[in-house]
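Student: Have a look at the structure that comes next, please.
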Amino acid sequence: MGRHKKLRSAKPTLAEAAVVTTTPCGVPPAPQIAAQPRRAMRRPSRAPAVNEEERLKALFSYRPQRARNFSAAVIAAAAPIVALLPYVGWNADRERTGHLCNLLNADEAIHGTVDAARALRPENVDYFLSRRSYRTDNTFRTLRSLYYRFGRAVHPALYPEQRIQAPRAKELQPPYSADELGRLYDFALATSPTLSRRMLIVLDVISGAGALTPELDRLRGSHIRPLVTDPGRAVVTLIDRQGVVREVPLSDRTRSRRLLRLAVESGDSRLLPYSKKQVISHLQRQLAKHGHGLQLNAVRLRHTWLVNLLNRRVPVSAVMQLAGIGDAHTLAGLRRWMRTYDTTEMAALLAEAAR
């Protein structure tokens with residue numbers, strides 16, 4: 001057994017790759033690739049150098065794992081087409097050959113002969129793909145992209161040029177309207193004392209201080225204190241997953257009174273008994289149970305707070321500091337809900353800023 005394992009693991013020489021073998025599952029050698037010097041620093045990877053003649057020999061002598069189901073003509077037709085694609089590695093060449101052989105084999109079963117040009121026409125590729133099942137949509141898209149690359153190499157006029165598409169920005173969830181937020185507060189104030197307390201904490205701390213859901217989990221009564229210069233306003237200390245602390249003053253005095261009273265009652269105890277996910281889902285179930293049509297969404301509550309700050313002309317740099325964000329992508333996504341200014345208002349703002 002040991003001798004056979006050594007024989008199987010031994011790497012064939014390049015000379016052996018030039019000999020067409022009849023072994024169904026024989027693995028030919030990888031083409032000779034110029035060794036890349038090791039670099040101390042990570043650099044963008046480059047396409048490895050390869051001798052195309054040696055690569056083609058290796059492709060002709062390669063036998064996929066399913067070679068017993070493929071005729072010699074199928075493998076011979078696949079090799080030169082795979083060689084048309086840029087070389088990225090021997091493993092990729094082997095995988096590409098196997099996929100192309102699947103297509104050519106299916107086309108041969110229909111027409112009785114092997115014709116790569118016929119098999120790679122768009123309508124035949126699409127028919128082949130439609131007759132197979134895939135584990136995921138990503139698998140289907142990956143295979144379709146590969147077959148289209150083969151088809152584009154053979155029929156450049158029949159396939160559209162590949163386009164590099166920039167990733168689409170994720171659609172941000174809209175802020176609550178004043179009416180929607182008012183209805184959530186109406187329910188919170190009218191429900192049972194225990195549910196009212198928990199829901200008011202979530203509403204006040206997120207829509208009043210922009211808390212993230214992980215920060216709710218760490219919130220204690222001792223994290224809320226009155227503002228030194230204005231004791232009627234509360235300051236909420238929020239701690240994120242990384243332990244970063246930010247202090248957010250509230251502008252609304254009604255929310256401030258509730259939170260300051262709660263801080264005195266709770267001391268150093270946690271304000272919410274559930275984890276960040278459980279408390280939101282629990283409150284949402286209660287809303288549904290009472291026939292309330294609105295959804296309690298922590299992200300929308302935070303977006304409501306952000307838009308309100310910007311519409312009250314709080315500087316963007318201050319908003320980013322209060323919200324604990326390092327870039328303006330979220331703010332740019334919320335632009336459609338922000339106030340717009342006419343020329344007179346813009347001129348007044350600029351004059352005020354120049355003082």
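Where a number appears in this text, it was derived from the coordinates with a stated rule and is not lab data. Just so it is clear, the model here is predicted, and its values are computed rather than measured. FYI the Cβ positions are ideal-geometry reconstructions off the backbone, even for glycines, and counts take in every protein chain you see.
Student: What FRET efficiency do you get for Asp126 and Gln65 if R0 is 30 Å and r is their Cβ-Cβ distance, rounded to the nearest 0.05?
Tutor: Between Asp126 and Gln65 the formula returns 0.70.
Student: With r as the distance between the Cβ atoms of Glu247 and Ser196 and R0 = 30 Å, compute the FRET efficiency 1/(1 + (r/R0)^6) and round to 0.05. Before the final figure, lay out each step's value.
Tutor: On the way: r = 27 Å, r/R0 = 0.89.
E between Ser196 and Glu247, to the nearest 0.05, is 0.65.
Student: May I pose another question? With viscosity set to 0.890 mPa s at 25 °C, what whole-number translational diffusion coefficient in µm²/s follows for the range 52-154 from Stokes-Einstein and a Kirkwood radius over Cα pairs? Write down the numbers at each step before the final one.
Tutor: Values: Rh = 13.8 Å.
It comes out at roughly 178 µm²/s.
Student: Obtain the radius of gyration and the Kirkwood radius of the range 215-355 from its C-alpha atoms and give Rg over Rh.
Tutor: Rg/Rh for the range 215-355 comes to 1.02.
Student: Let me ask something else. Once the piece of chain linking Glu52 and Arg285 is laid out straight, how much longer is it, given 0.36 nm per residue of separation minus the C-alpha distance between them?
Tutor: Values: separation 233, 0.36 × 233 = 83.88 nm, distance 6.39 nm.
Contour length minus Cα-Cα distance gives 77.5 nm.
Student: Subtract the Cα-Cα distance of Ser133 and His329 from 0.36 nm times their separation in residues, and report this length gain in nm to one decimal.
Tutor: This chain segment gains 66.7 nm when fully extended.
Student: Mean projection of the alpha-carbon convex hull of the range 278-336 over all orientations, in nm²? Provide the component values of the computation, followed by the final result.
Tutor: Working: hull surface 20.6 nm².
Averaged projected area of the range 278-336's Cα convex hull equals 5.2 nm².
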